[in-house]
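A.B. asks: The following block contains the structure, expressed as structure tokens.
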Amino acid sequence: MQRREDVFHRDAHVVVRSICGSDPDFFARQERAQGWHATPEKLLRRLSDHREGRAVTLVAVYDGEPAGYGSVYPDAQEGPFAGKGFCEIVDLAVLERFRRRGIGNLLLDVAEGIAFTYADTVYLAVGLHSGYGSAQRIYVRRGYLPHDSGAWYAESPAQPYQGYPLDDNLVLYLSKTFSQGTPVKNR
């Protein structure tokens, strides 16, 4: 099922819309320019999943320029919540030059709104190195709690006393549960 481009939010500076065909290459170029390890393949996969109805992929546009993105996967199949009917927010990112303008929180607002139409629990993975420090703080302020499985590396729980590279594959899964719009105890 091919999805049309939707607009999920609009205000004086920011439009949050669905992903379109030019976004993967644009973001890959911008992320490489700021020193991130980026290729268009990740967002091409998100675009395909969006078009086929497996995900809702969002792009935040700030004053006419793409500034950030993220995806919502209903009934996600990765991490400690796999197969439980929960939604996963994946690859939430804001380009560095657009940070501290509320774009990340706005993307999360829209993503959570979509997720909670499918399930009462949403989860995400956040990296553990310093590049994720601001994201870690945002998630904690917004009520996300860590899963009791600890850190994961490359889709598997990290084993105690083993060495793992401090790269984007070393993550902590966090979740947030709602009941009738009100946060409840995390599962």
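The values are calculated or read from the model by the stated rules, or taken from the named source; none is laboratory data. Please read these numbers as outputs of a predicted model, since none were measured by experiment. When we count neighbours, we look across all protein chains shown, and the Cβ atoms used for this are built from the backbone with ideal geometry, even at glycine.
A.B. asks: Which condition from (1) closer than 18 Å to ALA38 by Cβ; (2) touching a helix residue (DSSP H, G or I) at 6+ places or on another chain (Cβ under 8 Å); (3) of a type outside the set (D, E, K, R); (4) outside any helix (DSSP H, G or I) is the one that ALA125 breaks?
C.D. replies: (2)
A.B. asks: Shifting gears a bit: Residues of the stretch 137-156 being of a type outside the set (S, T, N, Q) and in a strand (DSSP E or B), which ones? Working first, answer last.
C.D. replies: Step one: list which residues in the stretch 137-156 are of a type outside the set (S, T, N, Q), which gives 137-148, 150-155.
Across the stretch 137-156, the qualifying residues are LEU145, PRO146, HIS147, ASP148, GLY150, ALA151, TRP152, TYR153.
A.B. asks: Let me ask something else. Which condition number does GLY104 fail, the rest of (1) assigned to a strand (DSSP E or B); (2) touching a helix residue (DSSP H, G or I) at 6+ places or on another chain (Cβ under 7 Å); (3) of a type outside the set (D, E, K, R); (4) closer than 24 Å to ARG10 by Cα being met?
C.D. replies: Exception for GLY104: condition (1).
A.B. asks: Could you please tell me which pairs satisfy a Cβ distance under 8 Å, a separation of 6+ or placement on different chains, a first residue in the stretch 8-32 that is in a loop (DSSP other than H, G, I, E, B), and a second residue that is among the β-branched types (Val, Ile, Thr)?
C.D. replies: Between residues of the stretch 8-32 that are in a loop (DSSP other than H, G, I, E, B) and residues that are among the β-branched types (Val, Ile, Thr), the close pairs are ILE19/THR57; ILE19/VAL59; CYS20/VAL59.
A.B. asks: Same structure again: Out of all the residues in the stretch 157-166, is one or more within 19 Å of VAL72 (Cα to Cα) and either part of a helix (DSSP H, G or I) or in contact (Cβ under 8 Å) with a residue 12 or more places away in the chain (or both)? Steps first, please.
C.D. replies: The initial filter retains those residues of the stretch 157-166 that are within 19 Å of VAL72 (Cα to Cα), namely none.
So far as the stretch 157-166 goes, no, none of its residues is within 19 Å of VAL72 (Cα to Cα) and either part of a helix (DSSP H, G or I) or in contact (Cβ under 8 Å) with a residue 12 or more places away in the chain (or both).
A.B. asks: Also, quick follow-up: Suppose the filter is of a type in the set (Gly, Ala, Ser), more than 25 Å from GLY133 (Cβ to Cβ) and surrounded by fewer than 21 Cβ atoms within 10 Å (Cβ to Cβ); does GLY102 pass it? Can you show your working first?
C.D. replies: Values: of a type in the set (Gly, Ala, Ser): yes; more than 25 Å from GLY133 (Cβ to Cβ): no; surrounded by fewer than 21 Cβ atoms within 10 Å (Cβ to Cβ): yes.
Spelling it out, it is not the case that GLY102 is of a type in the set (Gly, Ala, Ser), more than 25 Å from GLY133 (Cβ to Cβ) and surrounded by fewer than 21 Cβ atoms within 10 Å (Cβ to Cβ).
A.B. asks: Of the numbered conditions (1) surrounded by 15 or more Cβ atoms within 10 Å (Cβ to Cβ); (2) within 15 Å of the chain's Cα centre (by Cα); (3) not in a loop (DSSP other than H, G, I, E, B), GLY113 satisfies every one except a single condition; which is it?
C.D. replies: GLY113 satisfies all of (1) surrounded by 15 or more Cβ atoms within 10 Å (Cβ to Cβ); (2) within 15 Å of the chain's Cα centre (by Cα); (3) not in a loop (DSSP other than H, G, I, E, B) except (1).
A.B. asks: Can you go through TYR144, TYR164, TYR123 and tell me which one is over 22 Å from VAL56 (Cα atoms) and either surrounded by 13 or more Cβ atoms within 10 Å (Cβ to Cβ) or in contact with a strand residue (DSSP E or B) (Cβ under 7 Å, 6 or more places away or on another chain) (or both)? Explain how you work it out, then say what you get.
C.D. replies: Numbers: TYR144 fails: over 22 Å from VAL56 (Cα atoms); TYR123 fails: over 22 Å from VAL56 (Cα atoms).
The conditions single out TYR164.
For (1) modelled with pLDDT of 95 or more; (2) in a loop (DSSP other than H, G, I, E, B), each residue gets a yes or a no:
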site	(1), (2)
ARG46	no, no
PHE81	no, yes
GLY85	no, yes
LEU108	yes, no
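A.B. asks: Any residue at all in the stretch 93-110 that's within 19 Å of PHE81 (Cα to Cα) and without any contact (Cβ under 8 Å) to a residue 12 or more places away in the chain?
C.D. replies: No, there is no match, as no residue in the stretch 93-110 is within 19 Å of PHE81 (Cα to Cα) and without any contact (Cβ under 8 Å) to a residue 12 or more places away in the chain.
A.B. asks: Mind counting the residues in the stretch 17-68 that are under 14 Å from ARG97 (Cα atoms) and buried (at least 23 other Cβ atoms within 10 Å of the Cβ)?
C.D. replies: 4
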